[in-house]
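Q: Encoded as structure tokens, here's the structure I'll be asking about.
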């Protein structure tokens, strides 16, 4: 192997033109055989576990199938029609958008405020604080579910009684069992869980703003508030768009947290698109804590695949739109920068 | 004159001696409530059964009841779950890094026929709607006779992490100076030797970063081990075992707390040790 490579290199050096021209595609493949060996595990894994399943699940959308054996009952586009007319699907859809619409602004606002406080270089122990606020982000959803379920069941004598005595509510609350509040409780836990990522993103963004800009602003007599509006906010605009993009995409795909906390229950009151699809695909059969959505349903893989494909298209439109907006902003900014440089040159 | 007012303003804005303690107090109080659920679980894992009910949301246990940990570890088989988690996570991290760095190296450094097509296909799959892929994946695992084995979980996790990790390795290897590699080749190193002795050691920071990510992801993964080990309760990972435990016991809450802490401890330990690295890696993800 070793001698061969050097030999090849030597041949290439002594006779540079003629052999290269005549070299066939096959020779090229042969020469790169180790590259193929090195990408083989990657190609096999991606083909078998990513590409094939996407195509296969697209095929499932055309069948009425409970997931056992091979799909035989061909129903055409009937599954898609069913999805469009399915009340629970649209309810779950609404819940997912409510989750996103509340979680994203609240979480990003809190993360930004915290990042601004922690970014102050004169603040001591800022690394320690950052760790404290980041920690929930590395906790597994299963642990979160267990701890919060235990915590809520111990609210009884403490929080609930106090809230009742303050006339904020009338009877003890079943935090994860009351259909009116369960989604809000999950949103609050969601904010708590993933705020750390956005905090770190914002801190990274703040650090990309050159210190000279603040110094220049100080020399020009800008106060802290003016510096915030005219230096910090414009400096964060580009990275902020990416943070917003990731936060929206992540929230629209929420699954684990809801699945382990309530499984979408009670009676679909906290059902989001992905938990609903999951229950349709497995009929609640794969839930470690028993059925979640309130009712155990007959698995319908065709319907679940169609719902999932349909929702995938919606996500594609949303993320595609956002990606175009980010690219457009970047381009405009670059143009403005070059314009400013040109101007400075003149 | 203008400069002095400006400095004064700045000082009051950020680091005035009066404001710092207020900031610290606020950060500490909020931070306490932020991690309170976890502190409460730690304390709960040390309480006695009756103490757990009496103290409600209180944090101080009366003496340490370590036997909760014994109950969870032996009685609820957390020792077995722990072993499963360690085997799965270690294998997933190892194979993810190995396969992804190999592919990343080949993609970054050689121009084999078909490379562009391959990258194109992978980019397209990024944008295809995902569909409900766990059903066909389950089917494949079943046909490979791997259902209800730890390897099925490793296989699915590694496959799921492939694209992301390979692309990061590819980007990283492109930045490594080509001269180093050529020098190695002139010295007589073959393809494998260059990769193992030159390229991999150079990629140590990337290996650390992606290794940490895969560790956290694999350790915390809930759905993959749940679905693929459903028929064999003794193959459960900590996440799945803990979650199953809550539906089995409605009374042994202190052992549940202990189980949570057993599941959480390794992640927190890794986080504390590699904190700077993790944060830098996450920050790097949005900067690019």
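No value in this document is a laboratory result; all are computed from the given coordinates. Remember, it's a predicted structure, so these values are computed and weren't measured experimentally. Using ideal geometry, Cβ is built from the backbone for each residue, glycine included, and neighbour counts are taken over all protein chains shown.
Q: Convex hull over the alpha-carbon atoms of segment A:124-250: what's its volume per residue in Å³?
A: Normalising the Cα hull of segment A:124-250 by residue number yields 178 Å³.
Q: Using only the C-alpha atoms of segment A:188-346, find the volume of their convex hull and express it per residue in Å³.
A: Details: hull volume 20.5 nm³, N = 159.
Expressed per residue, the convex hull around the Cα atoms of segment A:188-346 is 129 Å³.
Q: A further question follows. If you average the sequence gap of Cα pairs under 8 Å that are 6 or more apart and divide by the length of chain A, what percent do you get for the contact order?
A: 23 percent
Q: Taking chain A as a Gaussian network, Cα atoms linked when under 10 Å apart, which of A:152, A:309, A:89 shows the biggest mean-square fluctuation?
A: A:152
Q: Right, here's the next one. Taking all pairs of distinct Cα atoms, average 1/r, flip it, and tell me the Kirkwood hydrodynamic radius of the protein assembly as shown in Å to one decimal place.
A: Hydrodynamic radius (Kirkwood, Cα only) of the protein assembly as shown equals 27.6 Å.
Q: Next question. What Kirkwood Rh does segment B:182-232 have if only Cα atoms enter the pairwise 1/r average? Answer in Å. Numbers along the way, then the final one.
A: Details: mean 1/r = 0.0723 Å⁻¹.
Kirkwood hydrodynamic radius for segment B:182-232: 13.8 Å.
Q: How much mean residue ellipticity at 222 nm does chain A get from its helices, if each DSSP H run of length 4 or more adds -39500 (n - 2.57) and you divide by all residues, to the nearest 500 deg cm²/dmol?
A: My calculation for chain A gives -22000 deg cm²/dmol from helical runs alone.
Q: May I ask you to sort B:262, A:239, A:318 by Cβ crowding, counting other Cβ atoms within 10 Å and putting the fewest first? Display every interim value, and only then the final one.
A: On the way: B:262 23, A:239 19, A:318 15.
Placing the least packed residue first, the sequence is A:318, A:239, B:262.
Q: Ranked by Cβ crowding within 10 angstrom, fewest neighbours first, how are A:282, A:128 ordered?
A: Ranking A:282, A:128 by Cβ neighbours within 10 Å, fewest first, gives A:128, A:282.
Q: For segment A:81-345, just the Cα set please: Rg and Dmax, both in angstrom.
A: Just the Cα atoms of segment A:81-345 yield Rg and Dmax of 22.6, 72 Å.
Q: Can you run the Rg to Rh ratio on chain B? Use alpha carbon positions and the Kirkwood inverse-distance Rh.
A: 1.09
Q: Report the Stokes-Einstein translational diffusion coefficient (µm² s⁻¹, integer) for segment A:55-178, Rh taken as the Kirkwood radius over Cα pairs, at 25 °C with viscosity 0.890 mPa s.
A: The estimated diffusion coefficient comes to 122 µm²/s.
Q: Regarding segment A:50-99, what's the average projected area of the Cα-atom convex hull, expressed in nm²?
A: 4.7 nm²
Q: Where Rh denotes the Kirkwood radius from the mean inverse Cα pair distance, what is Rg over Rh for segment A:161-231?
A: Values: Rg = 21.8 Å, Rh = 16.4 Å.
The Rg/Rh ratio comes out at 1.33.
Q: Taking only Cα atoms and a 10 Å spring cutoff, compute GNM fluctuations for chain A and point out the largest among A:32, A:79, A:66.
A: A:32
Q: Given segment B:153-259 reduced to its alpha-carbon atoms as identical point scatterers, what log10 I(q)/I(0) does the Debye formula return at q = 0.09, 0.10, 0.22 Å⁻¹?
A: The Debye formula, applied to the Cα set alone, gives -0.42, -0.49, -1.14.
Q: Hey, another quick one. Of A:104, A:272, A:231, which is the most mobile in a GNM of chain A whose springs link Cα atoms less than 10 angstrom apart?
A: So, out of A:104, A:272, A:231, the one fluctuating most is A:231.
Q: To continue, here is another question. With 30 Å as the cut-off, how large is the P(r) tail for segment B:77-248, expressed as percent of Cα-Cα pairs?
A: 29 percent
Q: So what's the Cα pair-distance distribution over segment B:147-213, bin width 10 Å, in %?
A: 18, 39, 27, 13, 3
Q: Here is a further query. So what does log10 I(q)/I(0) come out to for segment B:24-88 at q = 0.20 Å⁻¹, using the Debye formula with one equal point on every Cα and no solvent?
A: Per q value, in the given order, log10 I(q)/I(0) is -0.85.
Q: While we're here: Take A:131, A:153 and order them by how many other Cβ atoms sit within 10 Å, fewest up front.
A: Going from sparsest to densest Cβ surroundings: A:153, A:131.
Q: Return the calculated 222 nm mean residue ellipticity for chain B, to the nearest 500 deg cm²/dmol, obtained by summing -39500 (n - 2.57) across DSSP H runs with n ≥ 4 and dividing by the residue count.
A: -23500 deg cm²/dmol
Q: Could you run the Debye sum over the Cα atoms of segment A:301-346, one equal point scatterer each and no solvent, and tell me log10 of I(q)/I(0) at q = 0.21, 0.27 Å⁻¹, two decimals?
A: -0.73, -0.87
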